[in-house]
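Down below is the structure, laid out as C-alpha coordinates.
The values are calculated or read from the model by the stated rules, or taken from the named source; none is laboratory data. In this text the structure is predicted, and so the values were computed from the model without any measurement. Virtual Cβ from ideal backbone geometry, glycine too; neighbours counted across all protein chains shown. Just so you know, the surface numbers come from the protein's heavy atoms only, side chains and all, with ligands and any DNA or RNA stripped out. Shrake-Rupley method; radii C 1.70, N 1.55, O 1.52, S 1.80 Å.
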Amino acid sequence: MTRYAVHDTLTEALARTVLEVSGVAFLKPGLGDLLRSRAGAGAGRSGGHTAGIRVTRRDESEPWEVDVRIVARKERRTMDVARATRQALEESLATLLPDSKASVRVTVTGLV
(Lines give C-alpha, C1' and ligand atoms only; values in the text may rest on other atoms or scores of the structure.)
Protein backbone atom coordinates (compact mmCIF):
# COMPACT_ATOMS: atom_id res chain seq x y z
CA MET A 1 0.00 0.00 0.00
CA THR A 2 1.35 3.43 -0.87
CA ARG A 3 1.80 6.17 1.68
CA TYR A 4 -1.19 8.05 0.26
CA ALA A 5 -3.41 4.97 0.24
CA VAL A 6 -2.60 4.37 3.91
CA HIS A 7 -3.44 8.00 4.72
CA ASP A 8 -6.74 7.87 2.82
CA THR A 9 -7.73 4.53 4.34
CA LEU A 10 -6.89 5.79 7.85
CA THR A 11 -8.81 9.03 7.33
CA GLU A 12 -11.91 7.20 6.08
CA ALA A 13 -11.80 4.68 8.95
CA LEU A 14 -11.52 7.47 11.51
CA ALA A 15 -14.36 9.40 9.86
CA ARG A 16 -16.59 6.31 10.16
CA THR A 17 -15.60 6.02 13.82
CA VAL A 18 -16.58 9.63 14.50
CA LEU A 19 -19.94 9.27 12.77
CA GLU A 20 -20.80 6.28 14.99
CA VAL A 21 -20.41 8.31 18.20
CA SER A 22 -23.73 9.08 19.88
CA GLY A 23 -24.40 12.80 19.74
CA VAL A 24 -22.35 13.52 16.61
CA ALA A 25 -24.60 14.91 13.87
CA PHE A 26 -21.92 15.08 11.16
CA LEU A 27 -18.37 16.09 10.35
CA LYS A 28 -18.09 19.78 9.57
CA PRO A 29 -18.21 20.18 5.80
CA GLY A 30 -15.37 22.00 4.09
CA LEU A 31 -15.76 24.92 1.71
CA GLY A 32 -15.54 22.64 -1.33
CA ASP A 33 -18.33 20.44 -0.01
CA LEU A 34 -20.54 23.46 0.65
CA LEU A 35 -19.97 24.81 -2.86
CA ARG A 36 -20.65 21.41 -4.45
CA SER A 37 -23.89 21.01 -2.50
CA ARG A 38 -25.01 24.51 -3.57
CA ALA A 39 -24.26 23.75 -7.21
CA GLY A 40 -25.92 20.35 -7.02
CA ALA A 41 -22.69 18.65 -7.99
CA GLY A 42 -21.47 15.70 -6.03
CA ALA A 43 -24.93 14.24 -5.50
CA GLY A 44 -24.58 10.51 -5.54
CA ARG A 45 -20.82 10.58 -5.62
CA SER A 46 -19.06 7.65 -4.06
CA GLY A 47 -16.43 7.66 -1.36
CA GLY A 48 -16.39 8.66 2.27
CA HIS A 49 -17.10 12.12 3.55
CA THR A 50 -13.95 13.19 5.35
CA ALA A 51 -13.98 17.00 5.10
CA GLY A 52 -14.13 17.50 8.87
CA ILE A 53 -11.14 15.30 9.66
CA ARG A 54 -7.48 15.97 9.01
CA VAL A 55 -4.82 13.33 9.60
CA THR A 56 -1.20 14.43 9.28
CA ARG A 57 2.27 13.21 10.09
CA ARG A 58 5.47 15.12 9.38
CA ASP A 59 7.57 12.00 8.90
CA GLU A 60 7.74 8.36 9.93
CA SER A 61 9.31 9.15 13.32
CA GLU A 62 6.66 11.70 14.33
CA PRO A 63 3.27 10.84 15.86
CA TRP A 64 0.08 11.11 13.82
CA GLU A 65 -1.94 14.27 14.43
CA VAL A 66 -5.70 13.90 14.13
CA ASP A 67 -7.79 17.08 14.02
CA VAL A 68 -11.56 16.55 13.93
CA ARG A 69 -14.29 19.17 13.57
CA ILE A 70 -17.80 17.99 14.31
CA VAL A 71 -21.31 19.35 14.60
CA ALA A 72 -23.07 17.88 17.64
CA ARG A 73 -26.71 17.28 18.43
CA LYS A 74 -28.00 19.90 20.85
CA GLU A 75 -29.89 17.40 23.00
CA ARG A 76 -26.52 16.06 24.22
CA ARG A 77 -23.96 17.88 26.36
CA THR A 78 -21.30 19.20 24.03
CA MET A 79 -18.43 18.26 26.35
CA ASP A 80 -19.72 14.67 26.62
CA VAL A 81 -19.89 14.37 22.82
CA ALA A 82 -16.38 15.77 22.41
CA ARG A 83 -14.97 13.41 25.05
CA ALA A 84 -16.76 10.38 23.59
CA THR A 85 -15.47 11.30 20.13
CA ARG A 86 -11.91 11.62 21.37
CA GLN A 87 -12.10 8.30 23.23
CA ALA A 88 -13.54 6.52 20.19
CA LEU A 89 -10.77 7.93 18.00
CA GLU A 90 -8.05 6.92 20.44
CA GLU A 91 -9.43 3.37 20.63
CA SER A 92 -9.70 3.17 16.85
CA LEU A 93 -6.15 4.45 16.40
CA ALA A 94 -4.86 1.89 18.91
CA THR A 95 -6.44 -0.84 16.80
CA LEU A 96 -5.49 0.56 13.37
CA LEU A 97 -1.96 1.67 14.31
CA PRO A 98 -0.91 -0.39 17.34
CA ASP A 99 2.76 0.61 17.17
CA SER A 100 2.23 4.31 16.48
CA LYS A 101 1.53 7.27 18.70
CA ALA A 102 -1.09 9.87 17.90
CA SER A 103 -2.46 13.10 19.26
CA VAL A 104 -6.17 13.75 18.87
CA ARG A 105 -7.94 17.10 18.92
CA VAL A 106 -11.75 17.34 18.70
CA THR A 107 -13.49 20.66 18.10
CA VAL A 108 -17.26 21.07 18.20
CA THR A 109 -18.04 23.80 15.67
CA GLY A 110 -21.81 23.86 15.94
CA LEU A 111 -25.03 22.33 17.24
CA VAL A 112 -28.13 21.11 15.42
Where does each of 92, 22, 61 land when they are ordered by accessible area, with a 1.4 Å probe and the largest first?
-> 61, 22, 92
Read phi for every residue in the range 96-102 and hand back ³J(HN,Hα) as whole Hz from Karplus 6.51 cos²θ - 1.76 cosθ + 1.60, θ = phi - 60°, with x for Gly and Pro.
-> 6, 10, x, 9, 10, 9, 8
Project the alpha carbons of the range 55-112 onto their principal axes and report the range along each, largest first, in whole Å.
-> 40, 20, 13
Residues with amide H under 5 Å from that of residue 25, placed H, sequence gap 5 or more | 71, 72, 73
So if R0 is 22 Å, what FRET efficiency would residue 75 and residue 16 give, r being the distance between their Cβ atoms, rounded to the nearest 0.05?
-> 0.45
For residue 96, what accessible area in Å² do you get when you roll a 1.4 Å probe over the heavy atoms of the protein chains, rounding to the nearest 10?
-> 80 Å²
If r is the Cβ-Cβ distance from residue 111 to residue 91 and R0 is 25 Å, what FRET efficiency results, to the nearest 0.05?
-> 0.50
In order over the range 11-21: 3J(HN,Hα) from phi, Karplus 6.51/-1.76/1.60, θ = phi - 60°, whole Hz, x for each Gly or Pro, gives 4, 5, 5, 5, 4, 4, 4, 4, 5, 8, 6
